[in-house]
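*Asks:* Below: one structure in structure tokens.
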Amino acid sequence: MINIDNLTVAFSATPLFSNVSYVINDRDRVALVGKNGAGKSTMLKIICGEISPTGGRVNIPKDVTIGYLPQVMKLSDDTTVREETAKAFHELFTLKDKMASLEHEMNVRTDYETESFHELVQEYTNTEELLRMMGGEHYHAELERTLLGLGFSRKDLDRPTKEFSGGWRMRIELAKILLRKPDMLLLDEPTNHLDIESITWLEQFLATSKAALMLISHDRAFINAVANRTIEITCGQIYDYKVSYNEYLVLRKERREQQLKAYENQQREIAVAEDFISRFRYKPTKSNQVQSRIKMLNKMQIIEVDEEDTSSLRLKFPPASRSGDYPVICEEVSKSYGDQVIFSGVNMTIERGQKVAFVGKNGEGKSTLVKAILGEISYGGTLKLGHGIQIGYFAQNQAQLLDDNLTVYDTIDYVATGAIRTRIPALLGAFMFGGEASEKLVKVLSGGERTRLAMIKLLLEPANLLILDEPTNHLDLQSKDVLKEALLAFDGTVILVSHDRDFLDGLADDIYEFGEGKVKRHIGGIYEFLRTKAAEQTGINDIGTILHAEKQLKDSYDGKLSTSPTGGTIPTAASVSGNQTDSTSNQQTTSKVFVDTKTSKEGMTLSYAEQKEQQKKLRKLQRAVDKAEGQIAKREADIAILEKKMLTEQGMNDPDLFKQHGILKQQLEEDMKGWEKAASDLEKGQL
């Protein structure tokens, strides 16, 4: 579908990549990987035509449409969420305007028997059919489904976009791109602004989409769930693997070992030749042999070995004094802004040495509670910090708070004190800012480099309570692994706000879920939490099924979604370390997760039996929504196949195809109405 031919990009004397060629086919889902600065984002910008290459070309058929989501986007709009998202249907609205114009013309004309009037009627018929093929009658439902999937609530849809943060507005842009249904999707870090539930929805959407996909992401679980092909940019070249990301890692390791052997053999050959030249350079009898070896060395193409991104990166948090037994205690903590309740009745006790994760949809109060712990905002209830607490805080926008006009070295030099100042070069070198890199201005650094620099600042002062708010945003996969290992080795207490499942897996031993104004504790790791959520949605409530799901999770290492015995989807673990439990502990954990005190609309506490009945009803409503969405997806796929036939020369003259198309469209409209009712019933049931 898209042919990249001998692509070369050079911003300086050294090319970013040179003579790169590959083809992206229909339904390819490509993960574009490589260290930060390798040229991944540049590759996407070239394919979508935003920048031009130094050499080579990108061949894209004229009828192929591309949807591009950049990592950073300038947003300027003054509409509601619904109105802004509806811009995705611009062509549809143009057709509607054309139909209205044609209809008006037919109404005012009276020359019914003329050829031009017949042509007008035919044009109206063709336009009407095209409008129907584009889904003109049900775009409202499709728009709502997409926005709800990306985390918006129904009440959000008619709010002005200016009331939302940049991350939420990026979701609107993503929704617009998905709704346009381009032939090729180019997504640069699409999960940076999504919560876990929205990421899961996007995974399922992309896995069933007919569009080809090229994706840049540092979310390992997301890549594994979506991509079926991996292209690596390294040393100015690409390596194309027709496999998933985890399979690529195995093959890449084998390739690097082969490269290393070839490199060592070549270096020995070079050493022998240089030794011969050195010994016999001035002996006339050996001049021919010397010249021959000199020519050989000049012509030799030096083998490059892929650099390991973390070869010099060693992260270790400095030791701090011992804190009290309970670093954080919350008792009936609440926070409101005017009439808007962010959360209430929060009871939480974090023990020394615990590593906990705050998860939930964006805007549900995770960062707000962090600010309360830091003492940056007022709140209701009681919040106590333990004796001798020293907090190290990494804010969500920490990397953006750096001074763009300082160099890397000066950024650290200005905050370092005492003996550490003499060790700044070594410290920067450990974070891959050695040599000339330390003199770079902050404003030219990539997102990952800025995050690493901000992390160095965090290391300059000892802490026994680390609070990290989205620390992995913009970090590459290798750097995330290094940070994870450092946190595992850290003997203090850690609070993590993150949506990165692979990063949290095996690291956080308790999950606190934020949602609907409440904070609920889930004992166990991130995949136990996700499995519980999946069980609630799919109606799994017997221990045997849960244990079977547990085994599926432990047996899998690819981070994808497996099909549960009931037909639902259960997230599988990217790593099973630290998650193995026997049936007894599973049963205990399950009961603790499912039994949660809830309150009815009248403010009365529901009994356990009433809670179970309410959960049963909600699961039934959720199954109805899932079933409706599945039916819609199947119907849309059938319509797409039929429309492809209709576009052929034979199909354009086959009236049966058009009749069948009309029937399917009518059925799709009924499916959409059914989905709208099911989604509305579910929303009412959750109130």
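The values are calculated or read from the model by the stated rules, or taken from the named source; none is laboratory data. A quick note: this is a predicted structure, and the numbers were derived from the prediction, not measured. Glycine also receives a Cβ, built like all others from the backbone with ideal geometry; neighbour counts cover every protein chain displayed. What goes into the accessible areas is simple: the full protein's heavy atoms, side chains included, and nothing from ligands, DNA or RNA. Shrake-Rupley method; radii C 1.70, N 1.55, O 1.52, S 1.80 Å.
*Asks:* May I ask you to list the residues in segment 406-426 that are closer than 18 Å to Leu441 by Cα and open to solvent by 40 Å² or more (accessible area, probe 1.4 Å)?
*Replies:* Across segment 406-426, the qualifying residues are Tyr409, Asp410, Tyr414, Val415, Pro425.
*Asks:* While we're looking at this one, here's another question. Can you name the condition, by its number, that Glu274 falls short on among (1) open to solvent by 60 Å² or more (accessible area, probe 1.4 Å); (2) within 30 Å of Glu304 (Cβ to Cβ); (3) charged (D, E, K, R); (4) touching a residue at least 60 places away in the same chain (Cβ under 8 Å)?
*Replies:* (4)
*Asks:* Follow-up. Got a sec? Which of Ile456, Ile511, Ile467 is outside any helix (DSSP H, G or I), under 26 Å from Gly388 (Cβ atoms) and either in contact (Cβ under 8 Å) with a residue 40 or more places away in the chain or open to solvent by 10 Å² or more (accessible area, probe 1.4 Å) (or both)? Explain how you work it out, then say what you get.
*Replies:* Details: Ile456 fails: outside any helix (DSSP H, G or I); Ile511 fails: under 26 Å from Gly388 (Cβ atoms).
Selected residue: Ile467, the only one of Ile456, Ile511, Ile467 that is outside any helix (DSSP H, G or I), under 26 Å from Gly388 (Cβ atoms) and either in contact (Cβ under 8 Å) with a residue 40 or more places away in the chain or open to solvent by 10 Å² or more (accessible area, probe 1.4 Å) (or both).
*Asks:* Give Glu119, Glu137, Glu163, Glu84 a once-over and let me know the one that is open to solvent by 60 Å² or more (accessible area, probe 1.4 Å), under 23 Å from Gln340 (Cβ atoms) and either at pLDDT 85 or above or acidic (Asp, Glu) (or both). Steps first, answer last, please.
*Replies:* Working: Glu119 fails: under 23 Å from Gln340 (Cβ atoms); Glu137 fails: under 23 Å from Gln340 (Cβ atoms); Glu84 fails: open to solvent by 60 Å² or more (accessible area, probe 1.4 Å).
Checking each option against the conditions leaves just Glu163.
*Asks:* May I ask you to say which residue of Leu187, Leu194, Leu215 is part of a loop (DSSP other than H, G, I, E, B) and under 11 Å from the mean Cα position of the chain (by Cα)? Reasoning before the result, please.
*Replies:* Details: Leu187 fails: part of a loop (DSSP other than H, G, I, E, B); Leu215 fails: part of a loop (DSSP other than H, G, I, E, B).
On inspection, the qualifying residue turns out to be Leu194.
*Asks:* Any residue in segment 397-413 that is in contact (Cβ under 8 Å) with a residue 24 or more places away in the chain sitting within a Cβ distance under 6 Å of a residue that is among the polar types (S, T, N, Q) and part of a helix (DSSP H, G or I)? List the pairs, counting only those 6 or more apart or interchain.
*Replies:* Taking only residues 6 or more apart or on different chains, the pairs are Ala399/Thr451; Val408/Ser438; Tyr409/Ser438.
*Asks:* Determine whether Gly388 is at positive phi, part of a loop (DSSP other than H, G, I, E, B) and open to solvent by less than 80 Å² (accessible area, probe 1.4 Å).
*Replies:* On the way: at positive phi: yes; part of a loop (DSSP other than H, G, I, E, B): yes; open to solvent by less than 80 Å² (accessible area, probe 1.4 Å): yes.
The answer is yes for Gly388.
*Asks:* Next up: Output the strands (runs of 3 or more DSSP E) that fall wholly within segment 29-137 and possess 3 or more residues being within 23 Å of the chain's Cα centre (by Cα), or say none. Spell out how you get there, then give the answer.
*Replies:* Details: elements: 29-33, 55-59, 66-69.
Where strands (runs of 3 or more DSSP E) fall fully within segment 29-137 and carry at least 3 residues being within 23 Å of the chain's Cα centre (by Cα), they are 29-33, 66-69.
*Asks:* Which members of segment 423-445 meet the condition of being farther than 14 Å from Leu402 by Cβ and of a type in the set (Lys, Arg)?
*Replies:* The answer is Arg423, and nothing else.
*Asks:* Also: Could you tell me which residue of segment 175-218 is nearest to Arg29 (Cα to Cα), considering only residues that are open to solvent by 20 Å² or more (accessible area, probe 1.4 Å) and of a type in the set (Asp, Glu)?
*Replies:* Residue satisfying both the conditions and the ranking: Asp183.
*Asks:* So, one more: (1) open to solvent by less than 60 Å² (accessible area, probe 1.4 Å); (2) in a helix (DSSP H, G or I): which one isn't true of Lys443, the others all being true?
*Replies:* The number of the failed condition is (1).
*Asks:* Of the residues Ser378, Ser344, which single one is of a type outside the set (Asp, Glu), assigned to a loop (DSSP other than H, G, I, E, B) and either open to solvent by less than 70 Å² (accessible area, probe 1.4 Å) or closer than 30 Å to Asp156 by Cα (or both)? Can you show your working first?
*Replies:* Working: Ser344 fails: assigned to a loop (DSSP other than H, G, I, E, B).
Just one listed residue meets the conditions, Ser378.
*Asks:* Right, something else. Which of the residues belonging to segment 439-468 are at pLDDT 90 or above, under 24 Å from the mean Cα position of the chain (by Cα) and not β-branched (Val, Ile, Thr)?
*Replies:* Matches in segment 439-468: Leu468 only.
*Asks:* With the checklist (1) open to solvent by 50 Å² or more (accessible area, probe 1.4 Å); (2) at pLDDT 85 or above in hand, flag the one item Leu44 doesn't pass.
*Replies:* The one condition Leu44 does not meet is (1).
*Asks:* Separate question: Test Ala31 against the criterion of being touching a Ser or Thr at 6+ places or on another chain (Cβ under 7 Å), open to solvent by less than 60 Å² (accessible area, probe 1.4 Å), more than 19 Å from Arg229 (Cα to Cα) and small (Gly, Ala, Ser), and give yes or no. Reasoning before the result, please.
*Replies:* Numbers: touching a Ser or Thr at 6+ places or on another chain (Cβ under 7 Å): yes; open to solvent by less than 60 Å² (accessible area, probe 1.4 Å): yes; more than 19 Å from Arg229 (Cα to Cα): no; small (Gly, Ala, Ser): yes.
Answer is no for this residue.
*Asks:* Something else about it: Can you name the residue in segment 277-304 that is over 24 Å from Ala262 (Cβ atoms) and touching a Lys or Arg at 6+ places or on another chain (Cβ under 8 Å) and is also most open to solvent (accessible area, probe 1.4 Å) among such residues? I'd like the intermediate steps shown before the answer.
*Replies:* Quick first cut of segment 277-304, residues over 24 Å from Ala262 (Cβ atoms) only: 278-291.
Of the ones still in play, those that are also touching a Lys or Arg at 6+ places or on another chain (Cβ under 8 Å) are 280, 290.
Details: Phe280: 32, Val290: 3 Å².
Across segment 277-304, the extreme among qualifying residues is Phe280.
*Asks:* Give Arg169, Arg252, Arg256 a once-over and let me know the one that is at pLDDT below 90, within 20 Å of His499 (Cβ to Cβ) and surrounded by fewer than 21 Cβ atoms within 10 Å (Cβ to Cβ). Let's see the steps before the verdict.
*Replies:* Details: Arg252 fails: within 20 Å of His499 (Cβ to Cβ); Arg256 fails: within 20 Å of His499 (Cβ to Cβ).
Residue meeting the stated conditions: Arg169.
*Asks:* Quickly run through segment 488-503 and pick out the residues that are crowded, with 24+ Cβ neighbours inside 10 Å and more than 19 Å from Val346 (Cα to Cα).
*Replies:* If the condition is that a residue be crowded, with 24+ Cβ neighbours inside 10 Å and more than 19 Å from Val346 (Cα to Cα), then Gly492, Thr493, His499, Asp500, Arg501, Asp502, Phe503 are the ones that fit.
*Asks:* Only one of these is at pLDDT 75 or above, open to solvent by 90 Å² or more (accessible area, probe 1.4 Å), charged (D, E, K, R) and within 24 Å of Lys155 (Cβ to Cβ): Lys634, Lys627, Lys673, Lys601. Name it.
*Replies:* Numbers: Lys634 fails: within 24 Å of Lys155 (Cβ to Cβ); Lys627 fails: within 24 Å of Lys155 (Cβ to Cβ); Lys601 fails: at pLDDT 75 or above.
Sole residue among the options that is at pLDDT 75 or above, open to solvent by 90 Å² or more (accessible area, probe 1.4 Å), charged (D, E, K, R) and within 24 Å of Lys155 (Cβ to Cβ): Lys673.
*Asks:* Let me ask something else about it. In this structure, does Val81 turn out to be without any contact (Cβ under 8 Å) to a residue 60 or more places away in the chain and of a type in the set (A, V, I, L, M, F, W, C)?
*Replies:* On the way: without any contact (Cβ under 8 Å) to a residue 60 or more places away in the chain: no; of a type in the set (A, V, I, L, M, F, W, C): yes.
So Val81 does not fit the description; no.
*Asks:* Take the residues of segment 6-21 that are surrounded by 15 or more Cβ atoms within 10 Å (Cβ to Cβ) and not aliphatic (A, V, I, L, M): which is nearest to the chain's Cα centre (by Cα)? Even if it seems obvious, please write down each step before you answer.
*Replies:* Our first condition is that a residue be surrounded by 15 or more Cβ atoms within 10 Å (Cβ to Cβ); within segment 6-21, this holds for 7-9, 15-18, 20.
Adding the requirement that they be not aliphatic (A, V, I, L, M) leaves 8, 15, 17-18.
Working: Thr8: 28, Pro15: 29, Phe17: 25, Ser18: 28 Å.
Top of the filtered list is Phe17.
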